[in-house]
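One structure below.
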Amino acid sequence: MLNDGEKGVVLQRDKETYAVAPHLPCGVVTPAILRTIADVAEKYNAAVLKVTSAARIAIVGLKEEDIDAVWADLGIAPGAAVGLCVRSVKACPGTAVCKRGQQDSLGTGMKLDAKYHGMELPGKLKMGVSGCPNQCAETGFKDIGLVGTARGWKLMVGGAGGARPRIADLAAKDLTDEQSLDLVEKAVEYFKANAKPHERLGRLIDRLGLEPFQTALGLEPVED
């Protein structure tokens, strides 16, 4: 029996079958990718195809003996669905197509995905990028989030869902693209250096304080 994460699988409720979730950066796909996923699901008699909250398509109900062949046929790297790492980067369409977009959330999200997806850390970490204050990427519930405004980006930190949900704190605002990416990098490094095993960024901030976190990133306290 495979463990969760081994060969990119998640053991299912029946304790016999598995799910895989190919990595689809920021949920962007092509018709060819969709056809491939559909063909693989049919070939290996998947029970369910499920669009996940991380904007992936999970192929559910696979047999252990088929897993290697499934990945070979997909030709797509696994998504980081489990483990202590950067699990996902969720991004809305932003200025690429949305009439309400104020910043390029999709382009920024793709940059973050390319750099951080799967990066091993003391605890799991999720990112979100929203192109406007509507926050369709659920940025307020992400460990690190960027929210686009007419004046630039807001940096939000410490959000989480789960049994103990936490709304993210505002760490900085009116950021350029370059400043926002630089601060995300500093936030990840701070988390890597200071978090306890399995600790989320929000709990780290609760433990050490928001102002020390901002100081470490070279920021001043800010009001929304």
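Numbers at a glance
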{"item": "Selection within region 208-222 - within 14 Å of Leu155 (Cβ to Cβ), in contact (Cβ under 8 Å) with a residue 12 or more places away in the chain and not β-branched (Val, Ile, Thr)", "result": "Leu210, Phe213, Gln214, Ala216, Leu217, Gly218, Leu219"}
{"item": "Whichever residue in region 165-192 is open to solvent by 10 Å² or more (accessible area, probe 1.4 Å) and among the polar types (S, T, N, Q) and, among such residues, is farthest from Glu211 (Cα to Cα)", "result": "Thr176"}
{"item": "Enumerated strands (runs of 3 or more DSSP E) restricted to region 1-72, each holding at least 2 residues that are among the small types (Gly, Ala, Ser) and surrounded by 12 or more Cβ atoms within 10 Å (Cβ to Cβ)", "result": "57-62"}
{"item": "Any hit, region 117-132, residues being without any contact (Cβ under 8 Å) to a residue 24 or more places away in the chain and at negative phi", "result": "no"}
{"item": "Gly140 being of a type in the set (Gly, Ala, Ser) and assigned to a helix (DSSP H, G or I)", "result": "yes"}
{"item": "Failed item in (1) under 28 Å from His198 (Cα atoms); (2) among the β-branched types (Val, Ile, Thr); (3) without any contact (Cβ under 8 Å) to a residue 12 or more places away in the chain, with Val97 passing the rest", "result": "(1)"}
{"item": "Residues of region 162-186 that turn out to be assigned to a loop (DSSP other than H, G, I, E, B) and of a type in the set (Ser, Thr, Tyr), as a count", "result": "1"}
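Yes/no per residue for (1) open to solvent by less than 40 Å² (accessible area, probe 1.4 Å); (2) closer than 23 Å to Gln214 by Cα; (3) not charged (D, E, K, R):
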| site | (1), (2), (3) |
| --- | --- |
| Gly75 | no, no, yes |
| Gly101 | yes, no, yes |
| Lys115 | no, yes, no |
| Ala137 | yes, no, yes |
| Trp153 | yes, yes, yes |
| Ala163 | no, no, yes |
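The values are calculated or read from the model by the stated rules, or taken from the named source; none is laboratory data. Keep in mind that this is a model prediction, so the values were computed, not measured. All Cβ positions, glycine included, derive from the backbone under ideal geometry; neighbour counts span all protein chains shown. For accessibility, only protein heavy atoms count, side chains too; no ligands or nucleic acids. Shrake-Rupley method; radii C 1.70, N 1.55, O 1.52, S 1.80 Å.
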